[in-house]
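What follows is a short report on a single structure.
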Amino acid sequence: EVNPRWHLLFGLFTALAVLTKSVLGFFPLAIVFAYGIFARPDSPATYRNLYFWIGAAIAVVLGSSWYLVNILQLGNWFAEGHFGWLLFHRAVTGEDAVGVASKSNPFFFLGYIKSLWKNYWPWFPFAVAGAAIFCKKAFRDRDNKSLFIFLWIVVVIGAMSFGKAQSLRYILSAFPALAILSA
């Protein structure tokens, strides 16, 4: 059994991730919420733990403090620039800072798989085999530890695959889980 106070530290470090990497820093919260949805019902109920909710609140409040300060100081200019252009427009169009849009490709959502195929050698085949093993253990054998590692990969790479602006650095948070799958 995990000491529930670790959730407070989890919230603090997630907040620091948000302050460092913007919305990408919220991935730990997204992974934990996905895990809560798919975990075995007889596993320890994280969502019934007050410390979990305090940790999640710490992550959101402290992590969002940078947004709040910038919105208060810069108003709509910040909101349009950061959320409108940097996060939304670039994700939808793949346009870079000089206005060059990515090539129109109906299979753009496979871009990270293609990048991993080209750049994650010799580990890519081991990671794919590991993902298949962890998926089987997670869903067929109902192993919560395998589920957590599998969801770590799926949430990060899956969410980032919806955007057209794809770079391996955007999914760096998935690399520890890829290493575990490869091992």
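The values are calculated or read from the model by the stated rules, or taken from the named source; none is laboratory data. Owing to the predicted nature of the structure, the values given are computational and were not obtained by experimental measurement. For neighbour counting, all protein chains shown are included, and Cβ atoms are generated from backbone atoms with ideal geometry for every residue, glycine included. Note: areas computed on protein heavy atoms with side chains; ligands, DNA, RNA excluded. Shrake-Rupley method; radii C 1.70, N 1.55, O 1.52, S 1.80 Å.
Below is a table of values for the structure above.
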| quantity | calculated |
| --- | --- |
| Filtered residues of the range 124-178 (kept if open to solvent by less than 60 Å² (accessible area, probe 1.4 Å) and outside any helix (DSSP H, G or I)) | ASP143, SER161, GLY163, ALA165, GLN166, SER167 |
| Inter-residue pairs, beta-carbon under 9 Å, first over 18 Å from ALA165 (Cβ atoms) and in the range 111-129, second assigned to a helix (DSSP H, G or I) and open to solvent by 80 Å² or more (accessible area, probe 1.4 Å), 6+ apart | PHE124/TRP117; PHE124/LYS118 |
| Those residues of the range 114-123 which are outside any helix (DSSP H, G or I) and among the hydrophobic types (A, V, I, L, M, F, W, C), in sequence order | TRP121, TRP123 |
| Hey, ALA39 within 19 Å of the chain's Cα centre (by Cα) and at pLDDT 95 or above or not | no |
